[in-house]
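Report on the following structure.
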Amino acid sequence: MQEAERKALSERSPGEAPRARVHVLSAFFVRDFRFLWAGAFVSNVGTWIHNTALFWVVKERTGSDAWVGLVNMAQFLPVFLLVLVAGSLADTLDRKRMILATQTAMMLGALALAVLSSLGQCTQPVIMVITALMGIAFVFNFPAWRAIITDLVPPDIILNAVALDAAQFNMARFLGPMLGALVLALWGATPAFFLNALSFMAVIAALLAIRTRTPPIRREGSSLFRHVGEVLAFAWKNSWARNLLAIMAVSSLFGLTYLVLLPGIAKDVLRGGSTAYGILLGATGLGAAVSAPLVTALNHRFREITIIRWVALAGSLALVAFALSRNLPLSASISFLLGASFLMLSSSINAVLQSGVERNMRGRIMSLYILVFQGLYPLGGLLMGFVSDRTSPNDALLLGGTVCLFMGLMLFLFPDILECSDLTGT
C-alpha cells in the first residue's frame, strides 16, 4: 500500500466513503480498530492459556472426554439460552459500555477461579459454576463485539476487518495453547488462571482508548420479544440468510466440535501429553491466522458464496483425514488446514450477514450467527464426547466429518442453495 493510501485510511472517519482500494491489511490503518485488535489479542492469548489448562485438568482428573464436553457446555450453553436477548441489547445499548462491563465480569471470574485453585478449592462443581458464570458474561459480550467492528471501519473493508479480528483470535489460539502447555508443565494450572485474569486489562484499556462513538439505537416502542422476533422473521424470509445460518449450524455442530476431542486425540490416540495437545490446538490457530489475509485476497477475485462452497468441502475432507491419522506431525498439519477452513468459512458468512442488514439489526443478526456458531458447539461437543467415550475419538471425528462432507457435496450438487436471488452484493 502506498503512503498516501495509508494516510487516507488512517485519517478517515469510520463512516466515511472509501478513497482507496482495499488491501489485505486495510483495517489496520483505522486507529480504533488497531487499538481494539491489539487489546483483544493479548486478552485472547490469556483466554487460551486458561482454557488449555482447564480442559487438561478436567481430562486428567476424570479421564473422560464426556466430562471435557460438559465443562465446554457450561462455558457455551448460555450462548444457546441467552444470545438472542444479548443481540437485542447490542442493538439498543451503547456497545462500547456493554463490552466493557462484560469484559470486567469475565476478568473477575478468571480471578476467582485462580484464587480458589491456589487455595486447593478448585473442585469439579466449582469449575462448572465459575465457567458457566463466565459464559453468561461472554454471551452478552459477543454480539456487541461482533457488531462494534462494523462501527469502527467503513463499509468497504468490513470483510477485511472481520477476517483480521478472527485472525487475532486464532493467532491467540496458536500462541495460547503452547504457552498454556508450558505453564502447565512448569507451574501447573493456577498460574494459567492468574495470567488470564491479568490479560483482560489489555482489552479494557483498548476500549477506554478508542474514540469511535457507538450510540444506543432507540427501540421504537417494541417489546424485547418483538425486537428479537424481527430478526427471526428476517432470517426466515430471506433465503440467503437462512441458508448461510444452516451451513454454519452444521459446521459447528458436527465439525468445529473436533476441538473438544483434541485432549482425547492427544492422550488416547497419539499417546502424547499436554505438549501434543498444545501442538494440535496451536496448529489450528496458526492455520486460521494465516488464512485471514488470504480470505480478503480471494474476495477480490471470487464471490463470498464461492469461497463458502469450496472451504466447506475442503474442511470436511480435512476432518475425515484427521479422523484417520495416527501420526502427530500429520495430525498437526491437518489441524492447520482445519483451522484455515473454519476461519474462512465463518468470516465469509459473518461478513455477508452483516453487510446484508442495516446497523440497527447487526447486533441481532450476529446473535443468530453466534447462536448457530457457538450455541450449537457445546451440544455437538457433548454429543461427540459421549460417542468418543463409547467408541473412540477417531470414530467420533469420522462421524462429524461424514456429516460435514455430505453438506459440502450438497453445495456443489445443488448450487441453487446459495445462488439466491435475494443475496445481493456477493
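Structure notes:
- Per-region count, segment 55-102, residues within 13 Å of Ala144 (Cβ to Cβ) and of a type in the set (Asp, Glu): 2
- A Cβ distance below 6 Å, combined with a sequence gap of six or more or placement on separate chains, defines the contacts here; from segment 380-409, residues that are over 17 Å from Val68 (Cβ atoms) reach residues that are among the β-branched types (Val, Ile, Thr) in the pairs Gly401/Val320; Met407/Val250.
- Within segment 30-60, restricting attention to residues that are in contact with a Gly (Cβ under 6 Å, 6 or more places away or on another chain) and among the hydrophobic types (A, V, I, L, M, F, W, C), the residue that is farthest from Met171 (Cα to Cα) is Ala53.
- If the condition is being outside any loop (DSSP other than H, G, I, E, B) and either of a type outside the set (S, T, N, Q) or buried (at least 22 other Cβ atoms within 10 Å of the Cβ) (or both), then segment 300-312 contributes Glu304, Ile305, Ile307, Ile308, Arg309, Trp310, Val311, Ala312.
- In segment 313-335, the residues that are of a type in the set (Ser, Thr, Tyr) and part of a helix (DSSP H, G or I): Ser316, Ser331, Ser333, Ser335
- Qualifying residue in segment 270-290 (condition: in a helix (DSSP H, G or I) and closer than 18 Å to Ile370 by Cβ): yes
- Residues satisfying the criterion are absent from segment 112-119 (criterion: part of a helix (DSSP H, G or I) and under 22 Å from the mean Cα position of the chain (by Cα)).
- Hey, Val30 surrounded by 23 or more Cβ atoms within 10 Å (Cβ to Cβ), β-branched (Val, Ile, Thr) and more than 30 Å from Thr391 (Cα to Cα) or not: yes
- Between Arg390, Arg359, the distinction of being among the basic types (Lys, Arg), over 30 Å from Leu298 (Cβ atoms) and surrounded by fewer than 23 Cβ atoms within 10 Å (Cβ to Cβ) belongs to Arg390 only.
- Taken over segment 339-378, the criterion of being modelled with pLDDT under 80 and either among the aromatic types (Phe, Trp, Tyr) or part of a helix (DSSP H, G or I) (or both) is satisfied by Ala351, Gln354, Ser355, Arg359, Asn360, Arg362, Gly363, Gln374, Gly375, Tyr377, Pro378.
- As a summary of the residue check, Thr123 satisfies the conditions (1) out of contact with any Ser or Thr (no Cβ under 9 Å at 6 or more places or on another chain); (2) in contact (Cβ under 8 Å) with a residue 60 or more places away in the chain; (3) surrounded by fewer than 19 Cβ atoms within 10 Å (Cβ to Cβ) except for the one numbered (2).
- Segment 261-305, residues that are without any contact (Cβ under 8 Å) to a residue 40 or more places away in the chain and out of contact with any Ser or Thr (no Cβ under 9 Å at 6 or more places or on another chain): Arg271, Gly273, Arg301, Phe302
- Test: residue in segment 174-189 that is surrounded by fewer than 21 Cβ atoms within 10 Å (Cβ to Cβ), over 16 Å from Ala53 (Cα atoms) and either among the polar types (S, T, N, Q) or within 20 Å of the chain's Cα centre (by Cα) (or both): no
- Lone unmet requirement of (1) modelled with pLDDT of 90 or more; (2) more than 30 Å from Ala161 (Cα to Cα) for Pro263: (1)
- Any hit, segment 41-58, residues being buried (at least 16 other Cβ atoms within 10 Å of the Cβ), assigned to a loop (DSSP other than H, G, I, E, B), out of contact with any Cys (no Cβ under 9 Å at 6 or more places or on another chain) and at pLDDT 85 or above: no
- Positions within segment 240-257 being at pLDDT below 90 and out of contact with any helix residue (DSSP H, G or I) (no Cβ under 6 Å at 6 or more places or on another chain), in sequence order: Trp240
The values are calculated or read from the model by the stated rules, or taken from the named source; none is laboratory data. Being a predicted model, the structure only gives us computed values, none of them experimental. Cβ sites come from the backbone with ideal geometry, for glycine too, and all protein chains shown count toward neighbours.
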